[in-house]
1. Below 8 Å between Cα atoms, with a sequence gap of 6+, how large is the relative contact order for segment 30-91 in percent?
2. With +1 on each Lys and Arg Cβ and -1 on each Asp and Glu Cβ, and nothing else charged, work out how big the dipole of segment 30-91 is about its Cα centre, in Debye to the nearest 20.
3. Given the rule -39500 (n - 2.57) for each run of at least 4 DSSP H residues, summed and divided by the residues of the chain, what is its mean residue ellipticity at 222 nm, to the nearest 500 deg cm²/dmol?
4. With a ≥ b ≥ c taken as the square roots of the eigenvalues of the C-alpha gyration tensor of the chain, please select rounded if a/c is under 1.5 and otherwise prolate if a/b is larger than b/c or oblate if it is not?
5. For the chain, which cysteines have no disulfide-compatible partner, meaning no other cysteine Cβ under 4.7 Å?
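Nothing in this text is a laboratory measurement; each read-out follows from the coordinates by a stated rule. Please read all numbers here as calculations on a predicted model, not as lab measurements. Positions of Cβ are generated from backbone atoms using ideal geometry, with glycine treated the same way; all protein chains shown enter the neighbour counts.
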Amino acid sequence: MHPKITDKTCCVHAEQRAIIDAIKKNPDKVEGSQLLFVRLDPKGEIAPAGEPYCTLCSKMALDVRVKEFILLHTKGPIAYDTEEYNKRSYQYGN
């Protein structure tokens, strides 16, 4: 059985950059914060984000104690507690 691959990209994710930037500029405001994820379509317009799937970002958010991930769904924005986001990310694709 092959181990689960959690990231197939070659770069730092936007969520990771946002967390790093927040730590640099406002370290006292990171714990308990919210992280808003917005996906853009090929035209540059906001599109639904889909389900939580990135364990790299969820683990980093857990480490610095981000409180919630907010994702835009077709029904509107949904806030996920970061622990729930992390669990869902590990379950994605299974």
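1. 39 percent
2. 100 debye
3. So the calculated ellipticity at 222 nm is -10000 deg cm²/dmol.
4. It comes out rounded by the Cα gyration axes.
5. That list is Cys10, Cys11.
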